[in-house]
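Q: Let me begin by handing over the structure; questions about it come next.
Bear in mind that the values in this text are calculations on the coordinates, not laboratory data. Note that the coordinates shown come from a computational prediction; the quantities given were computed from them, not determined experimentally. No Cβ is skipped: glycine too gets one built from the backbone with ideal geometry, and neighbour counts run over all protein chains shown.
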Amino acid sequence: MTAISDTPQRSYRTVNWGRGYSTLSEEHNYAIDEVEGSIPCELQGTLFRNGPGRFDRGGVSYQHPFDGDGMICAISFDQGKAHFKNRFVRTAEYLQEEKEDRILHKNVFATLKPGGFWNNAFDFSFKNVANTNVVYHGGKLWALWEAAPPYQLTPDTLETLGIDELGGILAKGLPFSAHPKLNPVTGELMNFGVRAGLQTTVRFYRVQPNGQVVVDGTHTFPGFAFVHDFVYTENYWIIFQNPMTLDPLPFVLGLKAAGECLKFADNQPTRILLIPRSGGEMITLEADPFFVFHHINAFEEQGKVIVDSIRYEEYLTTQEGRDFRETDFSVLPTGKMWRFEIDPKARRLSSRVLVERSSEFPQVNPSVVGRPHRYAYVAAIDAPQGNAPLQAILKMDFQEEVQQVYSFAPDGFVSEPVFIPRPSSQKEDDGWLITLVYRAEEHRTEVVILDARDLDQGPIARLKLKHHVPFGLHGTFTPHVFAR
Ligand SMILES: [Fe+2]
């Protein structure tokens with residue numbers, strides 16, 4: 001492991017950022033009484049967030065933050081007051097490891113069982129970490145992880161009920177991705193699941209408002225695919241097939257985790273797949289190699305399909321031989337906001353970069369998902385160029401092509417900004433952005449509320465938690481008030 005020297009030009013200290021990946025073993029349940037500013041009374045509901053909460057077991061550190069055990073936070077807002085609760089998702093593997101207090105399972109990204117070859121070879125199972133997203137829909141709360149079916153929890157107590165196979169549809173362990181999208185027109189939760197090998201199979205789902213699940217087609221295409229997110233429009237399901245290869249041998253022999261056997265193939269194209277929702281032939285377009293984890297949104301306009309995404313020039317992964325808490329950001333590829341314009345009839349694709357500043361975790365107003373959007377909100381770095389941890393919230397106005405940035409540097413590190421529309425709002429940006437900001441000096445986290453219309457005015461409320469919350473992944477808001 002190599003220590004990184006912090007320079008005064010940096011907006012952060014690496015050691016401060018790295019502490020955000022400390023385990024939070026305690027489970028809390030309390031009214032938040034330390035508030036700077038005021039919580040809007042119109043803000044009613046619950047923000048659920050998911051992310052790794054534990055990064056070590058029995059004194060042994062996990063090798064990748066995404067191998068961390070899923071922990072759900074519920075922050076409920078009711079009449080100007082807020083309540084915090086957190087609980088680990090008690091997956092079968094988590095309960096076994098909790099009981100024995102040692103690593104018993106292989107993980108997807110980098111953490112193997114102790115004992116090397118003899119203990120890991122020919123073991124093709126994974127720990128279900130249930131750590132990527134959490135969504136309340138059709139009366140159910142699900143903790144989501146892209147390689148397995150969801151875990152169902154009770155929305156008020158966050159108690160784990162068990163794996164939900166969606167009425168048998170996900171039997172045989174079929175996955176249900178961590179990036180479902182609520183269709184604002186039909187009220188259905190749109191999602192996909194992917195299984196990749198020498199060829200890739202993708203299945204699309206619609207979960208009706210009453211919880212009934214409809215399978216909307218299963219498609220197979222050649223080659224391995226690492227697909228984390230998708231988008232949809234009126235007529236298409238859209239996925240990007242990132243150019244990745246998997247070398248299975250070190251995984252089979254138990255020398256490396258599956259995630260470490262992935263390689264960015266810079267001699268292969270990135271393929272954009274448009275799958276007609278009402279049936280018909282899949283449209284495949286090829287582009288120079290790049291990698292996308294997350295899309296912002298997609299829509300159709302004058303016969304064209306527009307997809308906005310966060311694009312990297314290569315796959316973003318941890319650095320071999322270096323503790324992930326000591327990441328050297330200066331050598332990491334940056335995530336930039338790009339627009340892809342596709343003419344499905346002419347089979348033509350054009351693309352351009354819209355925001356140079358490195359960013360991740362894009363969000364839009366939920367009422368424009370799958371439809372034209374004017375604004376996007378992302379977690380971004382403090383500086384306009386280069387790479388660094390996420391410390392700022394950026395609002396992009398696609399119509400005017402202007403940005404607004406509010407930074408929490410040097411001490412603050414942000415998470416995904418979830419957009420919550422103001423009830424009965426008419427304008428697309430009339431609402432709040434809620435992000436969790438890790439305050440390194442105090443080793444505590446704040447729940448920060450920004451007015452999405454104007455980030456420059458700074459937070460309208462800072463809700464100070466009694467402890468830190470490790471850097472999380474994704475979350476969703478529901479107008480139901482739970483976890484009081
Ligand atoms: Fe994601």
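Q: Applying the Karplus parametrisation 6.51 cos²θ - 1.76 cosθ + 1.60 with θ = phi - 60° to the phi angles of the range 423-433, what ³J(HN,Hα) value in whole Hz is obtained for each residue in order, glycine and proline being reported as x?
A: x, 6, 6, 9, 9, 4, 9, 7, x, 10, 10
Q: If you line up the Cα atoms of the range 276-338 on their principal axes, what length do they span on each, largest first, in Å?
A: Answer, in whole Å and largest first: 48, 21, 20 Å.
Q: Continuing with the same structure: Out of all Cα-Cα pairs in the range 83-134, roughly what percent, to the nearest whole number, are more than 18 Å apart?
A: That fraction is 38 percent.
Q: Same structure, new question: If you put +1 on each Lys and Arg Cβ and -1 on each Asp and Glu Cβ, how big is the dipole of the range 63-174 around its Cα centre, in Debye rounded to 20?
A: Magnitude of the dipole: close to 60 debye.
Q: Less than 18 Å apart at the alpha-carbon level, and either on another chain or at least 8 residues along: which lysines does that give for Lys106?
A: Leaving aside lysines fewer than 8 places away in the same chain, those within reach of Lys106 are Lys127, Lys256.
Q: Evaluate the relative contact order of the chain (contact order divided by residue number), counting alpha-carbon pairs under 8 angstrom at least 6 apart; express in whole percent.
A: It rounds to 16 percent for the chain.
Q: Which is farthest toward the positive dipole end of the chain among Pro372, Ile342, Pro209, measuring Cα position about the Cα centre, with Cβ charges +1 (Lys, Arg) and -1 (Asp, Glu)?
A: The listed residue farthest towards the positive side: Pro209.
Q: Now for a separate question. Sorted from fewest to most neighbouring beta carbons within 10 Å, what does the list Val364, Val202, Val35, Val378 look like?
A: Numbers: Val364 21, Val202 24, Val35 17, Val378 28.
In order of increasing Cβ crowding within 10 Å: Val35, Val364, Val202, Val378.
Q: Which value results when the Cα radius of gyration for the range 1-115 is divided by 2.2 N^0.38 Å? Mind showing how you got there, number by number?
A: Working: Rg = 18.0 Å, N = 115, 2.2 N^0.38 = 13.4 Å.
Scaled against compact globular proteins, the figure is 1.35.
Q: Calculate the length of the line joining the C-alpha centroid of the range 323-396 to that of the range 26-68, in whole Å.
A: 24
Q: Once every DSSP H run of n ≥ 4 in the chain is given -39500 (n - 2.57) and the sum is divided by its residues, what mean residue ellipticity at 222 nm do you get, rounded to the nearest 500 deg cm²/dmol?
A: -1000 deg cm²/dmol
Q: Working out 0.36 nm times the residue gap between Glu341 and Gln319, then minus their Cα-Cα distance, what length gain in nm do you get to one decimal? Don't skip to the end; give the middle numbers.
A: On the way: separation 22, 0.36 × 22 = 7.92 nm, distance 3.34 nm.
This chain segment gains 4.6 nm when fully extended.
Q: Per residue of the range 74-84, what does 6.51 cos²θ - 1.76 cosθ + 1.60 with θ = phi - 60° give for ³J(HN,Hα)? Whole Hz please, x for Gly and Pro, Karplus curve as stated.
A: Per residue, the Karplus-derived 3J(HN,Hα) values read 10, 10, 9, 10, 8, 6, x, 10, 9, 9, 10 Hz.
Q: Would you please report the Å³ per residue occupied by the convex hull of the alpha carbon atoms in the range 14-478?
A: Residue-normalised Cα hull volume stands at 140 Å³.
Q: Further, regarding this structure: Mind checking the dipole of the chain: about its Cα centre, +1 per Lys or Arg Cβ, -1 per Asp or Glu Cβ, Debye to the nearest 20?
A: 680
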